[in-house]
Amino acid sequence: MDMPSSHISGDQDETATDDGSRGFFGKLGARMGRQRSEPVTANLHTRDALLLLQNYEESGRGWFWATDAEGRITYITDAVARLMGRSSGELLGKAFTDLFLPVDSHGERQRTLPFLMTKQSKFDELPLRSAFEGDDRWWAVSGRPHLDSAGNLAGWRGSGSDITAQRRSAEDASRLALYDSLTGLANRFHISKKLDTTLAAFSQQQRSCAIMLLDLDRFKQVNDTLGHPAGDALLRQVAQRLLKIFGDKEMVSRLGGDEFQIILPDLEDRGKLGDMAADIIGSLSQPYSVEGSRCIIGASVGVAIAPFDGQTSDDLIRNADLALYAAKGNGRGRFRFYSSDLHQAAEDRRALEEDLRDALARGEMELSYQPVVQSKSNMVTGVEALIRWTHPERGVISPAVFIPIAEEANLIWPLGEWVLRKACEDAARWPGDLRVAVNVSPIQFANEDLPKIVANALATTGLPADRLELEITESVFLGDSAETALMFKALKSLGVRLALDDFGTGYSSLGYLQSAPFDKIKIDQSFVRGATVPGSRNGAIIAAIVALAEALEMETTAEGIESLDQLDLIRTLNVSHVQGYVYSKPVGHQLLIEHAEAGSWTIKPSGPAKQRNDRFQMFRKVGAIHDNHRYNVVIRNLSTTGAFIEGILDVPVGTRFVIDFGEGQLATATVRRSMKHQQGIEFEQTMVSDGNGGLCTRHRVSPYLIAAATQQATSQLALPSFTTTNDWKAA
Ligand code: C2E
Ligand code: MG
Ligand code: MG
């Protein structure tokens, strides 16, 4: 029988009197041990009703209660008392209102039960939460006052039912609507609402707000190799790491898949944002332990900042997305700030992908060979094959640019196979026994056909297997899958050599060196460069790597050595081989043959004595503002602290300029050196990395300021005022 509690609590009251001798409370009164003046004179009809009600109580669907005029319990269904952790006897005499919490779970006040009872108003289905510890049930409670014959309040009667399940599912539904069920982070819907409201409020208050879009690198491979449950577990750990960095669960969200978004209110300093992005990437690139397997992924981050890069959430997200795309295109594990030229870059990339499809067939690809030199003897022991693409319109395009595109567009396999065959073919023709190293993309490495292709290249060209070295990057150690081990085994059994490329970038771990059968470790250029910086620990780490490599009978190669001081350091650290401009840039096949034919090939190192502070050679048109004049100048050379500009004649040393890099990037600078049309200038505030190997200003002039300035029709743009000097003419 399904009897709605509101009905039960309803209109039988008319027949009830306070002695309880009639109606169902009569019987209940007896159970409560009240003294009855008269026996229950139940006719068949009321007895039936009583039974029905008793059944109803016992079914657990609903319960009844009664109080005296003061609201003290005179009856309560035993079953519900037990649910509250008491017996009905224990509850008798207690205030009925004490059974429930005055405030609900969301902190909003109830239409309070005490209030309603004081006013003697009836109530229906009032949702109330149990006040008893350990009992988090919700009850819908109804009640009616009943009066004695003189019309005075005699007490209350009513009913209740358990609505915990409905309450929970409603709460779950609202939580699900706002939070990602896998990670517990805010979901796409929630964060986009949040971003909308934040941006709306902030634009009123002229505040800034950054967003980061984050995408995991190689997550798909984990999912594919370790399975979806492992992928889910990994995403949860990623969420934990993000929360550890940002703390605020509301501001970090999972948009879906392996994409995350972070809102950073009141942040526009690109120095700080860049550091933060680097922290995220560093943290997420640490190894994970997932279901007993170790795995490693990376992350790329795109950053856009309101109001500079967009004032609506749509614009901001689109631009952060573009920055993320560019970061990924730059070789992953990077961050990138949005800048307007990314729109063009994205276009270019699409066009490049199209052109890449036919590049092989059109004969636009070539191999270049860079000598690998024994550091102590200066003797060339081998070369690395490096692919070169000469685009019919754009000229030579770096493999650092097009290899990631090829990987993404599924073109790496034919390209890689071509490189392998061509390198073997060339090497087989060299006099002597120079080795040739070929780069193998992780995507090729994951293809079970690779050993067959390698064997085939060796067989058709006749190159002895031990003259071929395959260069593999650390990213193949995603999840210590059995397949990786099998691939190593299959390749080793062909007799080829294996080298670990780019060691020191990303998530280097010495652990897998012991288990993987490498013949060589190539220490990355960035790592070696870092070692010459005073206070760097890289030198000590390189020494450790060398010691380990020697113990495991592996060779070591330092990559990208350009200056003599680096070469000295490398020799001191006992790195066995060097590959870098200090010996030779990559050379064409013809030149290589000439050297090889001349017999044993040694190269005398040459280069700058010291590595220069990273200056970016460039040709970038910017504005130099002085005394409300804007001169067009060209930046030829830029570092974090200063630049060389060209375009104005004879500027006195000490003159202050504002350099306008565009997009609100203004940098105050002072002329330190002046030679006719060239000036060396020093920035007042250092530039910061733009995440793309370039530099940008920390802060930008906000569009609010520009709007305000335009409105006042002044040309001041909040620039400092300058000393007036002679009348320069633009060169
Ligand atoms: P990598 O395998 O680490 O190759 C070394 C890179 O460092 C080459 O750049 C080389 O020209 C450059 N390099 C060598 N010495 C110096 C130096 O002293 N100073 C500087 N600044 N650079 C130096 P490259 O040829 O542009 O190749 C870039 C990357 O593209 C390679 O890094 C490799 O990961 C990838 N790559 C090149 N060819 C192939 C290929 O055939 N297949 C695949 N899958 N990847 C390739
Ligand atoms: Mg390489
Ligand atoms: Mg390398």
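The values are calculated or read from the model by the stated rules, or taken from the named source; none is laboratory data. Everything numeric here is computed off the predicted structure, so don't read it as measured data. All Cβ positions, glycine included, derive from the backbone under ideal geometry; neighbour counts span all protein chains shown. Accessible surface is based on the protein model in full, side chains and every heavy atom, while ligands, DNA and RNA are left aside. Shrake-Rupley method; radii C 1.70, N 1.55, O 1.52, S 1.80 Å.
Using 0.36 nm times the number of residues separating Met379 and Ala49, minus their current alpha carbon distance, what extension gain do you get?
On the way: separation 330, 0.36 × 330 = 118.80 nm, distance 10.68 nm.
Difference between extended and current length: 108.1 nm.
Using alpha-carbon positions, what is the distance between the centroids of region 277-298 and region 198-265, in Å?
14 Å
For Ser441, Ser149, Ser203, Ser289, write out the residues from largest to smallest accessible area, computed with a 1.4 angstrom probe and no ligands counted. Before the final figure, lay out each step's value.
On the way: Ser441 10, Ser149 130, Ser203 45, Ser289 80 Å².
Heavy-atom accessible area, descending, gives Ser149, Ser289, Ser203, Ser441.
What's the FRET efficiency of Asn574 with Ala465 using the Cβ-Cβ distance as r and R₀ = 35 Å, to the nearest 0.05? Let's see the in-between values first.
Values: r = 28 Å, r/R0 = 0.81.
For R0 = 35 Å, the calculated efficiency reads 0.80.
So for the pair Phe115, Leu494, with labels modelled 7 Å out along Cα→Cβ, what separation do we get in nm?
A separation of 8.0 nm, rounded to one decimal place.
Helix 313-329 versus the longest principal axis of the chain: what angle, 0 to 90°, nearest 10, using Cα atoms?
Tilt of helix 313-329: around 40 degrees.
In whole Hz and in residue order, list the ³J(HN,Hα) couplings for region 262-276 that follow from phi through the Karplus curve 6.51 cos²θ - 1.76 cosθ + 1.60, θ = phi - 60°; x for Gly and Pro.
Whole-Hz 3J(HN,Hα) from phi for region 262-276: 10, 9, 10, x, 6, 10, 9, 6, 6, x, 5, 5, x, 4, 4.
When 1/r is averaged over all different Cα pairs and the result inverted, which Kirkwood radius in Å belongs to region 589-648? Mind dumping the intermediate values first?
Numbers: mean 1/r = 0.0641 Å⁻¹.
Averaging 1/r across every pair of different Cα atoms and inverting gives 15.6 Å.
Give, in nm to one decimal, the length gained when the segment between Asp98 and Met675 is fully stretched (0.36 nm per residue of separation minus the Cα-Cα distance). Intermediate results must be reported in sequence, preceding the final value.
On the way: separation 577, 0.36 × 577 = 207.72 nm, distance 8.83 nm.
Working it through step by step, the gained length comes to 198.9 nm.
What distance in nm lies between label points placed 7 Å from Cα along the C-beta direction at Gln205 and Ala69?
5.6 nm
Before anything else, pin down the relative contact order of region 636-710: Cα pairs under 8 Å, at least 6 apart, normalised by residue count, whole percent. Working shown, then result.
Working: 141 pairs, mean separation 22.2, N = 75.
Normalised by residue count, the contact order of region 636-710 is 30 percent.
Which ³J(HN,Hα) values, rounded to whole Hz and listed in residue order, are derived for region 158-163 from phi using the Karplus coefficients 6.51, -1.76 and 1.60 in 6.51 cos²θ - 1.76 cosθ + 1.60 with θ = phi - 60°, glycine and proline given as x?
Ordered by residue, 3J(HN,Hα) equals x, 9, x, 9, 7, 10 Hz.
Once phi is turned into θ = phi - 60°, what whole-Hz ³J(HN,Hα) does the Karplus curve with 6.51, -1.76 and 1.60 give for every residue of region 376-389, x standing for Gly and Pro?
In residue order, the calculated couplings are 7, 9, 6, 8, 7, 9, x, 9, 9, 7, 10, 6, 10, 10 Hz.
Between region 567-593 and region 636-711, how many Å separate their Cα centres?
37 Å
Using the Kirkwood formula over every pair of different C-alpha atoms, what hydrodynamic radius in Å results for region 616-715? Provide the component values of the computation, followed by the final result.
On the way: mean 1/r = 0.0717 Å⁻¹.
Kirkwood radius, region 616-715: 13.9 Å.
Hey, what D do you get for region 348-597 in µm²/s if you plug the Kirkwood alpha-carbon radius into Stokes-Einstein at 37 °C and 0.692 mPa s?
Working: Rh = 18.8 Å.
My calculation gives 175 µm²/s for D.
Show the residues, 5+ positions off or on another chain, whose built amide H is closer than 5 Å to the amide H of Met554.
The list, which skips near neighbours in sequence, is empty: none.
Ratio to report: Rg/Rh of region 509-600, with Cα atoms as the point set and Rh obtained by the Kirkwood method; give two decimals.
On the way: Rg = 14.8 Å, Rh = 14.3 Å.
Ratio of gyration radius to Kirkwood radius for region 509-600: 1.03.
What is the ratio of the Cα radius of gyration of region 282-350 to 2.2 N^0.38 Å, where N is its residue count, to two decimals? Intermediate values should be presented prior to the final figure.
Details: Rg = 14.8 Å, N = 69, 2.2 N^0.38 = 11.0 Å.
Its radius of gyration relative to the 2.2 N^0.38 Å reference: 1.35.
Got the relative contact order for region 179-340 handy, in percent, Cα pairs under 8 Å and 6 or more residues apart?
Dividing the mean separation by the residue count of region 179-340 yields 29 percent.
List the residues whose amide H sits under 5 Å from the amide H of Arg435, counting only those 5 or more places along or on another chain, with H placed 1.01 Å from N in the peptide plane.
Gly382, Val383
How high is the relative contact order of the chain? Use alpha-carbon pairs under 8 Å, at least six apart in sequence, and give a whole percent. Display every interim value, and only then the final one.
On the way: 1336 pairs, mean separation 57.3, N = 731.
In percent, rounded to a whole number, it is 8.
Name the lysines eligible as straight-distance cross-link partners of Lys272: C-alpha to C-alpha under 28 Å, and not fewer than 8 places from it in the same chain.
Filter leaves Lys193, Lys194, Lys244, Lys249, Lys328, Lys621.
What's the whole-number percent of alpha carbon pairs in region 387-490 lying beyond 23 angstrom?
Numbers: 1746 of 5356 pairs.
Roughly 33 percent, rounded to a whole number.
In µm²/s, what is D for the chain at 20 °C and 1.002 mPa s, where D = kT/(6 pi eta Rh) by Stokes-Einstein and Rh is the Kirkwood radius from Cα pairs? Walk me through the numbers before you get to the answer.
On the way: Rh = 32.2 Å.
Answer from the Stokes-Einstein relation: 66 µm²/s.
Solvent-accessible area of His629, probe 1.4 Å, all protein chains present, reported in Å² to the nearest ten, please.
It works out to around 100 Å².
What's the ranking of 46-57, 410-421 by average number of surrounding C-beta atoms within 10 Å, highest first? Please report the intermediate quantities before stating the final value.
Working: 46-57: 15.8, 410-421: 18.5.
Top to bottom by mean Cβ count within 10 Å: 410-421, 46-57.
I need the semi-axes of the equivalent ellipsoid of region 125-167: take the C-alpha gyration tensor, multiply each eigenvalue by 5, square-root it, list largest first in whole angstrom. Please list the in-between numbers first.
Values: eigenvalues 165, 24, 6 Å².
After diagonalising the Cα gyration tensor, the semi-axes are 29, 11, 6 Å.
By what distance, in whole Å, do the Cα atoms of region 179-340 stretch along each of the three principal axes, largest value first?
51, 32, 22
How do the peptides 532-538, 208-214, 337-343 rank, highest first, by the average count of neighbouring beta carbon atoms within 10 Å per residue?
Order by mean packing, descending: 208-214, 337-343, 532-538.
Amide H neighbours of Glu562 under 5 Å, counting only residues 5+ apart in sequence or on other chains, H built in-plane at 1.01 Å?
Val582
Could you do me a favour and compute the accessible area per residue for region 616-715, 1.4 Å probe, result in Å²?
Details: 4750 Å² over 100 residues.
Using a 1.4 Å probe on heavy atoms only, each residue of region 616-715 averages 48 Å².
Tilt of helix 399-408 relative to the longest C-alpha principal axis of the chain, in degrees (0 to 90, nearest 10)?
Tilt of helix 399-408: around 40 degrees.
Keeping all protein chains in the complex and leaving out DNA, RNA and ligands, what accessible area do you get for Glu646 with a 1.4 Å probe, in Å² to the nearest 10?
Its heavy atoms expose roughly 40 Å² to the probe.
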